[in-house]
Amino acid sequence: MRQLFDVADTTQAEPLCAGAVLLRGFARALEVALLDGVREVVAQAPLRQMITPGGLRMSVAMTNCGSLGWINDRAGYRYAAFDPASGLPWPAIPAAFAALASDAAEPAGFANFNPDVCLISRYEAGTRLSLHQDRDERDYEQPIVSVSLGVGAMFLFGGLKRSDRTARLRLEHGDVVVWGGPARLRCHGVLPLETGSHPLTGAQRFNMTFRKAA
Ligand code: SIN
Ligand code: FE2
C-alpha cells in the first residue's frame, strides 16, 4: 500500500539486537483505522482474561482475529480456529492490520510476512505480562510483529534464557517492535501498566501481536 510505504520511508529502524528492530511511531499514521479494527474485532470476539494452565487468571485481557487465535486454559497454551467463548471462527484480520504487519516486517528484514493470527491484548493500570517466549508457532523463521497503541508501557526484552539480562524499552503509542531470526525466541514481557491516559484509548493500552502460526 502506497500510503504505508511512505510511512515506512520516514521511520528510522532502531536495531535492538541481531534479528530485532524498534520502529518508533510506525503505526501512528494508521491509529484510527487500527483502533476501529480493534473495536470491530472485540464486538465479535470479546476480550477475556484467560486462565493459565496453572490455574491463574491473566491480568491482561485478550482476543484474536485471523484464521487461528492464541488461547490458553487449564489444558494448555495453543492455537485454535474457533473462539472457545462463542464456538465461532475468529473475526478476519482487518485489512489495515494486515498491511501494517507486512510493511513493518519488511524494514526489519522479513519480506512477505503474511500473518494468520493477530493476538489483541488490553492492559489497564496494573496489568502486566510476565516474561515468556512466543513458541507455540510452527515456523520460527517467521517473525513476531508487535504494535503498541494507547498508554505507554515498559517492555522487557530479554535473552533466549529466562535468566538472561533483560533490557527495558519504553513503548509508546504507535511503536512497533519486530523480532525474528536469531531473536525469534527471546523472552519478553511487560511491567505493570502505570496509571496514564491517552486521547484515543483513555487509561488503556492495546497491543497487537502478529504471528504466522500454522
Ligand atoms: C505479547 O508478548 O504478547 C505482548 C507484548 C506487549 O504487550 O507488548
Ligand atoms: Fe509474547
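The values are calculated or read from the model by the stated rules, or taken from the named source; none is laboratory data. Because the structure is a prediction, the values reported are computed rather than measured. Don't worry about glycine lacking a Cβ; one is built from the backbone with ideal geometry, like all the others, and counts go over all protein chains shown. For the accessible areas, the whole protein counts, side chains as well, though only heavy atoms, and no ligand, DNA or RNA atoms are used. Shrake-Rupley method; radii C 1.70, N 1.55, O 1.52, S 1.80 Å.
A few notes on this one:
- Rounded to the nearest 500, the helix-only mean residue ellipticity at 222 nm of the chain stands at -5000 deg cm²/dmol, with each DSSP H run of n ≥ 4 adding -39,500 (n - 2.57).
- Highest-first arrangement of 158-164, 203-209, where packing means the average Cβ count within 10 Å: 203-209, 158-164
- The heavy atoms of VAL147 present about 0 square angstrom of accessible area, all protein chains included, probe 1.4 Å.
- Of all accessible heavy-atom area on the chain, the percent that carbon and sulfur account for (1.4 Å): 52 percent
- Multiplying the residue separation of CYS17 and ARG170 by 0.36 nm and removing their Cα-Cα distance gives an extension gain of 53.5 nm.
- Label-to-label distance, nm, for residues given as ALA92 and LEU47 (7 Å Cα→Cβ offset): 2.5 nm
- Computed log10 I(q)/I(0) for the range 136-214 at 0.19, 0.20, 0.22 Å⁻¹: -0.85, -0.91, -1.03, from the Debye equation with unit scatterers placed on every C-alpha and solvent omitted.
- Those residues of the range 160-185 whose amide nitrogen sits under 17 Å from the label point placed on LEU191, 7 Å along Cα→Cβ: 165-173
- Once you reduce the range 118-138 and the range 52-103 to the center of their Cα atoms, the two points are 11 Å from each other.
- Counted by Cβ distance under 11 Å from CYS65, the other residues give a net charge of -3, where Lys and Arg count +1 and Asp and Glu count -1.
- Remark: the chain projects, on average over all directions, an area of 10.8 nm² (convex hull of Cα atoms).
- Å³ per residue enclosed by the Cα convex hull of the range 1-110: 131 Å³
- The protection proxy used here, the mean number of other Cβ atoms lying within 10 Å of each residue, ranks peptides 128-137, 47-56, 192-201 as follows, highest first: 128-137, 192-201, 47-56.
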